[in-house]
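Participant: Would you mind keeping the following structure in view while I ask a few things?
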Amino acid sequence: MWDPLISPDLEPKYLALVNALDRDIRTGVLPPGTRLPTQRELARRLGVAVGTVSRAYDMAERQGLLSGEVGRGTFVRRREWAAQEGANDEGDDPALLDLSKSRLVRDPSDPTLRRALEAISRRPDLDRLVDFYQPAAGMARHRTAGAGWIGRTGPAVEPERVVITSGAQHGAAIVLATIARPGDLILTEEVTYAGIKALAGLLHLQLRGLELDEHGLRPDAFEHACRSSAPRALFCMPNLQNPTGRTMPLVRRREIAAIAESHDVTVVEDDVNGFLSSDPKPSLAQLAPAHTYYVTGTSKSLAPGLRIGYVVPPAQHVDRVAAAIRASTWLTSPLLAELVTEWIASGEADEMVEWKRSETTVRYQLAREVLAPWLPSGPVSFHLWLPIPEPWRTEAFVAQARARGVLVTPSQEFMVGRESAPHAVRVCLGGTLSRPRLEEGLRRLAMLLAQGPEPVLAVY
Ligand SMILES: Cc1ncc(COP(=O)(O)O)c(C=O)c1O
C-alpha cells in the first residue's frame, strides 16, 4: 500500500501529492504497473479532500506518470517496449524544460565519436583490447593519457599513480571502500553531490555536513569536526562545488590541506567540474599529496556514457585502489578507455572542453541576465545555486515551477543529515536543452520569483 511522504509545508496539497508521486516513481518506490489507492482511500489516509487527490491524479495522468483505467483503478504507467528502447535513465520528457541535470551535453553535430571509433577500428592491436584481462589499474597508455588529461587543470601526476575507473562515481566508491569501514564518519560539505549520500548508504558510512560560505567549505567547521570527533575522511569539491557552484580560493585550499595533514584525515577530492576553470588553482592533491585521493571523470568534460574516470591515490596506496577495482569490476573496459585516449591524443578532447567552456559562459551570462535580481555572483558554471526569496518555501517553488513545466532541484536533495535545508534550488544550464528552451525555462522561473507564491487557503 502506497504511503506517500507529503511535505506538511507544501501548498497547494495536490501539487505536494504530484511531487510525491513523481519522486516515488523515479526512485522505484512505485514500480510501473503498481495500482494506486482509490481516491477516497488516499484522501482518508492523508486527511485531505477527495477533490485534492482527484486533482493530483488528474495532473499526474496528464504528465504521463499514471494511467487511469475505467472500472479497474489508477496505475503507475508502464513504458512501452518501443519507448524504452529510446529511453534513458535521465527521465527526459520533451514536454518539460529540464533544468535539473548538472552537465553540458555535447554539440549534437560533433562528428568526433564516429571518427574516433573508425580510427580505433583500424588499429592492428584492436583485438587485444577485448581478448584479455588487462591490468586492473588500466593499460599503460591509457594511464599515461589520463595523467596528461588530469594535468590540464588538475595536479601534475606520474602515469603510474593514475588508476582508470568506470566513472568518477565508481572512483569515489572504491576509494571510500578502501579507506573506510562500516560505521566510519565521513565529513562533507553540508549540501553535497547526491551520489555521495547514496554511496554512504551503500557502504554503511556516516556522513556529517560541514558549513559552507561563499568560498566553499569553512576551515573552522572542518577543524572543529576533527577536534570533536574522529572523522575517517573529508569528501569535498574545491572546484565548482555541486550544488552551490562555489570555488575555493587558494588561501582556503591551503587551510583545508593543513587541517587534514595536522589531524591526519584523508581527503577525497572530487574534481569532475574542475575542467571548466579558466584559472585553475592548485588542487588539494597538490597541497596535501600524502593525504589526498584525487577523483575525476570524463562525464562532465566529455560525455557521461563513456564511463571513464581517474583516481590518483597517494603514491603508497595505488595498489590498494587497484585491488578494489579488481574486487568491484576486475577492470574498466579498455575499449572505452581507448576511445577517451584517442580523443585526448587527437586533441579533440581539448576542443570539446573549449566548446563546453564557451557554451557554458554564454548560458551562464544568459542566466545572469534573466535571473539578475535573485542570483548572487559566482564563477561560470553549468549549475547555479539560486536562493529562493521570502515568502517562498523552497518546496512550494519547485512544485510551482514543475506545474509550469520547469524542473529544478530543491536544496533538500543535497542536504546531509537532518539540519534544515537552505532556501535555494539548483538550476542547471546544460542538460538536453537548446539555448532558446533554456531561456524559456529561466524566464518562467524569473516570472515565478517576481510574482511570488499563489495565495492558497487550504485549511478549513
Ligand atoms: C560532483 C560529481 N561527482 C561525481 C559525479 C559522477 O560522475 P561519473 O558520471 O563520472 O560517475 C557527478 C555526476 O553527476 C558529480 O556531479
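The values are calculated or read from the model by the stated rules, or taken from the named source; none is laboratory data. On a predicted model such as this, the values are computed, not experimentally measured, just so you know. Neighbour counts are summed over all protein chains in view; Cβ atoms, including those assigned to glycine, are modelled from backbone coordinates with ideal geometry.
Participant: Is it true that some residue in region 140-152 is at pLDDT 95 or above, more than 16 Å from the ligand (Cβ to nearest atom), buried (at least 22 other Cβ atoms within 10 Å of the Cβ) and in the same structural domain as A323 (by TED's automatic domain parsing)?
Facilitator: Within region 140-152, one or more residues are at pLDDT 95 or above, more than 16 Å from the ligand (Cβ to nearest atom), buried (at least 22 other Cβ atoms within 10 Å of the Cβ) and in the same structural domain as A323 (by TED's automatic domain parsing).
Participant: Identify the single condition in (1) crowded, with 20+ Cβ neighbours inside 10 Å; (2) within 11 Å of the ligand (Cβ to nearest atom) that P304 does not satisfy, given that it satisfies every other one.
Facilitator: It is condition (1) that P304 fails.
Participant: Continuing with the same structure: Would you call A450 part of a helix (DSSP H, G or I) and surrounded by 22 or more Cβ atoms within 10 Å (Cβ to Cβ)?
Facilitator: no
Participant: Look through region 104-121, keep the residues that are in a helix (DSSP H, G or I) and of a type in the set (S, T, N, Q), and return whichever of them is surrounded by the most Cβ atoms within 10 Å (Cβ to Cβ).
Facilitator: Checking each candidate, the answer is T112.
Participant: Going residue by residue through region 29-44, is there one that turns out to be closer than 17 Å to L96 by Cβ and either among the charged types (D, E, K, R) or surrounded by fewer than 16 Cβ atoms within 10 Å (Cβ to Cβ) (or both)?
Facilitator: The answer is no, given that none of the residues of region 29-44 is closer than 17 Å to L96 by Cβ and either among the charged types (D, E, K, R) or surrounded by fewer than 16 Cβ atoms within 10 Å (Cβ to Cβ) (or both).
Participant: May I pose another question? Only helices (runs of 4 or more DSSP H) wholly contained in region 304-403 count here; list those with 1 or more residues that are touching a His at 6+ places or on another chain (Cβ under 8 Å) and within 30 Å of R55 (Cα to Cα).
Facilitator: Counting at least 1 such residues, we get 394-403.
Participant: Is there a residue being within 11 Å of the ligand (Cβ to nearest atom), under 24 Å from E189 (Cα atoms) and either modelled with pLDDT under 95 or not charged (D, E, K, R) (or both) anywhere in region 256-270?
Facilitator: For region 256-270, residues within 11 Å of the ligand (Cβ to nearest atom), under 24 Å from E189 (Cα atoms) and either modelled with pLDDT under 95 or not charged (D, E, K, R) (or both): present.
Participant: Select from region 160-188 the residues that are within 16 Å of the ligand (Cβ to nearest atom) and surrounded by fewer than 19 Cβ atoms within 10 Å (Cβ to Cβ) and list them in ascending order.
Facilitator: A177
Participant: Oh, and also: Find all pairs meeting these conditions: Cβ atoms under 6 angstrom apart; at least six residues apart or on different chains; first residue within region 246-275 and within 20 Å of R357 (Cβ to Cβ) and part of a helix (DSSP H, G or I); second residue of a type in the set (V, I, T) and more than 13 Å from the ligand (Cβ to nearest atom).
Facilitator: The qualifying pairs are G274/T153; F275/T153; F275/V353.
Participant: Do any strands (runs of 3 or more DSSP E) lying entirely in region 131-218 carry at least 1 residues that are touching a His at 6+ places or on another chain (Cβ under 6 Å), and which ones are they?
Facilitator: Per the criteria, 163-165.
Participant: Considering only residues that are touching a Leu at 6+ places or on another chain (Cβ under 7 Å) and surrounded by 21 or more Cβ atoms within 10 Å (Cβ to Cβ), which ones fall in region 201-224?
Facilitator: L205, L210, L217, F222
Participant: Take S67 and tell me if it is within 16 Å of the ligand (Cβ to nearest atom) and either in a loop (DSSP other than H, G, I, E, B) or at pLDDT 85 or above (or both).
Facilitator: Taking the combined requirement at face value, the residue does not satisfy it.
Participant: Continuing with this model, one more query. Take A200 and tell me if it is more than 20 Å from S283 (Cβ to Cβ), of a type in the set (G, A, S), outside the structural domain of Q412 (by TED's automatic domain parsing) and touching a Pro at 6+ places or on another chain (Cβ under 8 Å).
Facilitator: Taking the combined requirement at face value, the residue does not satisfy it.
Participant: Pull up region 279-288, narrow it to residues that are touching a residue at least 60 places away in the same chain (Cβ under 8 Å) and either touching a Cys at 6+ places or on another chain (Cβ under 7 Å) or not in a helix (DSSP H, G or I) (or both), then point me to the one that is surrounded by the fewest Cβ atoms within 10 Å (Cβ to Cβ).
Facilitator: P282
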